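Bear in mind that the values in this text are calculations on the coordinates, not laboratory data. For clarity, every value in this text was computed on a predicted model and none was experimentally measured. Here the Cβ positions follow ideal geometry from the backbone for every residue, glycine too, while neighbour counts run over all protein chains shown.
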Amino acid sequence: MKLILHDIKDDPENLISQADENTIVFSAHPMVKTCNACMGCFLKTPGMCVIDDRGRDFLRYFSQADEIHIVSEMLYGGLSVEIKAIQDRCLGYLLPFFEIKEDRMHHPPRYENSISLHYHIYSSEGAEMTVFETECMKGIARANSRNLSVKSFTCDFYQSSDEVAL
């Protein structure tokens with residue numbers, strides 16, 4: 001299954017037109033509640049966020065996907081606030097234990113799916129992205145991919161959300 005998470009406020013026709021019956025398009029609007037780091041997704045309701053909003057749905061889709069596309073506006077070298085809120089709520093995708101991978105400590109994945117993760121980062125209203133911002137975002141994509149034990153990842157940049165191609 002392909003999962004597309006986006007923060008485009010207007011109808012993202014270019015994303016929806018690329019969807020088929022094996023694709024779920026999930027909008028970051030309206031914004032989900034932010035993770036409160038209670039660790040309830042580890043202890044109280046394993047694999048499911050204790051916050052009862054549509055962020056739970058996203059985690060369920062995430063755990064079933066094999067291809068995830070995150071379309072986000074660039075915000076100071078990182079993801080938009082709305083996308084970051086949803087991504088942080090995916091902690092339940094991981095187990096509460098630790099393992100060493102690539103000389104770093106990480107949580108192992110809870111589910112068996114093998115994910116390819118693709119970041120599609122666009123500039124706000126055509127503003128120029130600096131080299132520093134794009135390098136920061138590439139670092140975030142690399143770190144998130146390592147933390148989520150994905151099989152592969154990409155990070156592409158666009159001048160506007162209309163240019164995003166999946």
Rounded to one decimal in Å, the inverse mean reciprocal Cα-Cα distance for the chain, i.e. its Kirkwood radius, is 16.3 Å
So which DSSP H runs in the chain come out at 18 Å plus along the axis (Cα) with average Kyte-Doolittle of at least -1.0?
-> 131-147
As a percent rounded to 5, the proportion of antiparallel DSSP bridges among beta bridges in the stretch 1-91 is 10 percent
Would you mind ranking His107, His118, His29 so that the residue whose beta carbon has the fewest other beta carbons within 10 Å leads the list?
-> His29, His107, His118
Taking 7 Å along the Cα-to-C-beta vector as the label spot, tell me the Tyr111-Thr45 distance in nanometres, rounded to one decimal.
-> 1.6 nm
Note down the magnitude of the dipole of the chain about its Cα centre, charges +1 on Lys and Arg C-beta and -1 on Asp and Glu C-beta and zero elsewhere, to the nearest 20 debye.
-> 940 debye
Counting only DSSP beta bridges with both partners in the chain, the antiparallel fraction in percent, to the nearest 5, comes to 15 percent
Near Lys44, which lysines are there with a Cα under 19 Å away, not counting those fewer than 8 places off in the same chain?
-> Lys33
Just the Cα atoms of the stretch 3-51, one point each, no solvent: what log10 I(q)/I(0) does Debye give at q = 0.22, 0.27 Å⁻¹?
-> -0.82, -0.94
